[in-house]
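**Q** What follows is a single structure, and I will ask about it in a moment.
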Amino acid sequence: MKYLSVIAIAALAGAVPAYAADLVEPQPIVEPAPVAYSGWYLRGDVGYAFNTTSSGSWKFWNQFAPPYRGVDDTFRYDKFSQDGAPTFGVGIGYRFNEMLRADATLDFFRADVNGHTACPSYIKASHGLNPTENNCNYADSSTANVWLPMANLYVDLPRVGLLTPYLGAGIGAAHVSYADWKTKEVCAVCTYESDKEGLSSWRLAMSLMAGVSYGLTDHLKLDLGYRFLHINGGDAYGYDAADRATDTGYGVGPGATGTQAKDNGFNIQTVRLGLRYEF
């Protein structure tokens, strides 16, 4: 009987480790299902385009009878600037992989534009002013509506903490539409003022971008970026009513036609904040 008890205890002792091993046997880890993406995304941006100084030129139309009538001089603006303005944009894009994505965007901004030119010496002399002194200038002002359809390509760099930095480049077009231009001759005895029709033109536009994005959710990204935008030059305004007249008082003949002034384009720096929703 004593031997049977010993055998029973030994058998029970051998079974306990096996049972304990069964209790701590590791269970399979269930990985969470990856978030599904279609690759497509929508974006919306607001920003601010900072003041930029450019250049331009305009033609002086001589109203006197032939052979003097016509353009007899071309002047460069001493200063041609576009004021700062808020910007707005929307777009649709596609992510090809973790690093590469592209989108098509449409941006808009409206900015005041100003020009300044010193009066030529013969205009100063006609007012009885000293032609060698800085005593007369033309002040021009208008407003430009700018639409920017662009195609953009981005490279998302490795994450830094919660932020994903990126670099990008874009190419597209800019439709620059000027409102009427107002010109005022400024001097002690000057009275000349005129209104000229603003012109519209399509120009080539190119951009370079850099920024960071932050994941608010699995699908929604907050984007803070900088864009350097170059817009080529184009038409600014036509001639005023006096220059267009077919009878100027100095003889009947054709008046001025076409473009009187052109801008030489703009280099615009913009900071933008936007949301990007990935489907």
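The values are calculated or read from the model by the stated rules, or taken from the named source; none is laboratory data. Since the structure is predicted, the reported quantities are computational estimates derived from the model, not experimental observations. FYI the Cβ positions are ideal-geometry reconstructions off the backbone, even for glycines, and counts take in every protein chain you see.
**Q** Kindly state which strands (runs of 3 or more DSSP E) lie completely within segment 102-186 and contain at least 3 residues that are over 19 Å from Ser55 (Cα atoms).
**A** Answer list for segment 102-186: 137-156, 163-178.
**Q** Return the residues of segment 111-126 that are over 13 Å from Lys182 (Cα atoms) and surrounded by 17 or more Cβ atoms within 10 Å (Cβ to Cβ); say none if nothing qualifies.
**A** Once the filter is applied, which keeps residues that are over 13 Å from Lys182 (Cα atoms) and surrounded by 17 or more Cβ atoms within 10 Å (Cβ to Cβ), segment 111-126 yields Ala111, Thr117, Cys119, Ile123, Lys124.
**Q** Still on this structure, I have one more. In segment 187-199, which residues are touching a residue at least 24 places away in the same chain (Cβ under 8 Å) and surrounded by 14 or more Cβ atoms within 10 Å (Cβ to Cβ)?
**A** Passing the criteria: Cys187, Cys190, Ser194, Lys196, Glu197, Gly198, Leu199.
**Q** Failed condition for Asn134, given (1) of a type outside the set (Phe, Trp, Tyr); (2) free of Cβ contacts under 8 Å to residues at least 40 places away in the same chain; (3) surrounded by 13 or more Cβ atoms within 10 Å (Cβ to Cβ); (4) over 19 Å from Ile92 (Cβ atoms), with all others met?
**A** (3)
**Q** Give segment 126-178 a look and list any residue that's of a type in the set (Gly, Ala, Ser) and touching a Pro at 6+ places or on another chain (Cβ under 7 Å), or say none.
**A** First, the residues of segment 126-178 that are of a type in the set (Gly, Ala, Ser): 126, 128, 139, 141-142, 144, 151, 161, 168-170, 172-174, 177.
Gly172, Ala173, listed by residue number.
**Q** Let me ask another. Under 6 Å between Cβ atoms, at least 6 apart or on separate chains: pull out the pairs that start in segment 146-159 with a residue that is modelled with pLDDT of 95 or more and end on any residue that is among the acidic types (Asp, Glu) and in a strand (DSSP E or B).
**A** Here the result reads Leu148/Asp107; Asn152/Asp103, each pair linking segment 146-159 to a residue that is among the acidic types (Asp, Glu) and in a strand (DSSP E or B).
**Q** Looking at segment 222-246, which of its residues are over 19 Å from the mean Cα position of the chain (by Cα) and among the charged types (D, E, K, R)?
**A** Matches in segment 222-246: Asp235, Asp240, Asp243, Arg244.
**Q** Which residue, of Ala139, Ala210, is surrounded by fewer than 16 Cβ atoms within 10 Å (Cβ to Cβ), closer than 30 Å to Asp78 by Cβ and free of Cβ contacts under 8 Å to residues at least 60 places away in the same chain?
**A** Ala139
**Q** Considering only segment 89-100, I want to know if a residue exists there that is surrounded by 14 or more Cβ atoms within 10 Å (Cβ to Cβ) and among the polar types (S, T, N, Q).
**A** No; the residues of segment 89-100 include none that is surrounded by 14 or more Cβ atoms within 10 Å (Cβ to Cβ) and among the polar types (S, T, N, Q).
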